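The values are calculated or read from the model by the stated rules, or taken from the named source; none is laboratory data. Quick caveat: nothing in here was measured; it's all calculated off a predicted structure. Every residue, glycine as well, gets a Cβ built from its backbone with ideal geometry; the counts of neighbours run over all protein chains shown.
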Amino acid sequence: MRQQRSYPTEAIILKHLNLGEADRVVTLFTPRKGKYNVIAKGTRRPVSRKAGHLELLSYSQIQLALGRNLDIVIQAVEREHFAHLRTELWHMTCGIYFAELVDRFIEDTTAHPDVYSLLLESLRFLDMSAAELKRQRSGGMLVGQGHNRTQLLLRYFEISLLSAIGYEPVLRTCAHCDAEIQPVENGFTPSLGGALCPNCSHLWARPISMNALKVLRLLQRTAWARVPYFNLDAHLHSELEAVMYSLLRFHLERDLKAWSFLEMLR
Ligand SMILES: [Zn+2]
């Protein structure tokens, strides 16, 4: 049988790296082969027809030729451009953050169809939310509710990603002694993987409020489309963010680039 020389795939573009004068190494995230790098030749030339379809966060249909080291993009056609997301700085930064998380946490060439759907659905939601924000702004309406929702989406994405790759935080029982978590002030420690009862939390843990635990549990067990529209105050948002960042930092052993930028915009 003749060896197949080229193949199609759909992909979300996670990252770019310039290569030589006119080429790029593009990091694709695909449903079947997971994350991997390919070469896009000539995409930095102004006349390139492929370039627009291989932009960061684009969701595209791509034809690839098998290469000796990296496969080579023959053709790319965008399926969804997320145009609204691209014109709102906050939403675009959220999207870039998701791409950074996937890039950091997912191993090369390992299929993660659940994470793929998570990323695609999250980008769609961000795009919709950016469009809604523009409508509100042009109608002179008070803006803010959408922001609240996207901040919650950040936490939903983080917790869903961690769960999908086997780092699901323990939030219902004590991560140390297994006792059921009671509605009192409990602790949280990333190194033990979750919440700690008051007896165990004196040693290592940062405090975590019952409200924060409830929100995280809900996000852990609910599909995004079914997460109710509730309005969390700034204090609770900050607590949730700090808890999730501590967990991500523990697994990555470093900070993420997008964090400081998200903080500035928030
Ligand atoms: Zn305990």
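Given the residues 119, 133, which is the only one that is within 20 Å of residue 104 (Cβ to Cβ), more than 16 Å from the ligand (Cβ to nearest atom) and surrounded by 17 or more Cβ atoms within 10 Å (Cβ to Cβ)?
119
Give region 88-133 a look and list any residue that's touching a Lys or Arg at 6+ places or on another chain (Cβ under 8 Å) and polar (S, T, N, Q), or say none.
Within region 88-133, 109, 110, 129 qualify.
Restricting the search to region 252-266, which residues are more than 18 Å from residue 147 (Cα to Cα) and surrounded by 15 or more Cβ atoms within 10 Å (Cβ to Cβ)?
256
Only one residue in 193, 187 is surrounded by 14 or more Cβ atoms within 10 Å (Cβ to Cβ), assigned by TED's automatic domain parsing to the domain that holds residue 246 and on the phi > 0 side of the Ramachandran plot, so which one is that?
Values: 187 fails: on the phi > 0 side of the Ramachandran plot.
That would be 193, the only listed residue that is surrounded by 14 or more Cβ atoms within 10 Å (Cβ to Cβ), assigned by TED's automatic domain parsing to the domain that holds residue 246 and on the phi > 0 side of the Ramachandran plot.
Out of (1) touching a helix residue (DSSP H, G or I) at 6+ places or on another chain (Cβ under 6 Å); (2) farther than 24 Å from residue 129 by Cα; (3) away from the ligand (no atom under 16 Å from the Cβ), the odd one out for residue 258 is which?
Condition not satisfied by residue 258: (2).
Test of understanding: among 148, 231, which residue is in contact (Cβ under 8 Å) with a residue 40 or more places away in the chain, surrounded by fewer than 12 Cβ atoms within 10 Å (Cβ to Cβ) and either in a strand (DSSP E or B) or not hydroxyl-bearing (Ser, Thr, Tyr) (or both)?
When all the criteria are applied, what remains is 231.
Do you know which residues across region 193-213 are within 13 Å of the ligand (Cβ to nearest atom), under 23 Å from the mean Cα position of the chain (by Cα) and outside any strand (DSSP E or B)?
Of everything in region 193-213, just one residue is within 13 Å of the ligand (Cβ to nearest atom), under 23 Å from the mean Cα position of the chain (by Cα) and outside any strand (DSSP E or B), namely 193.
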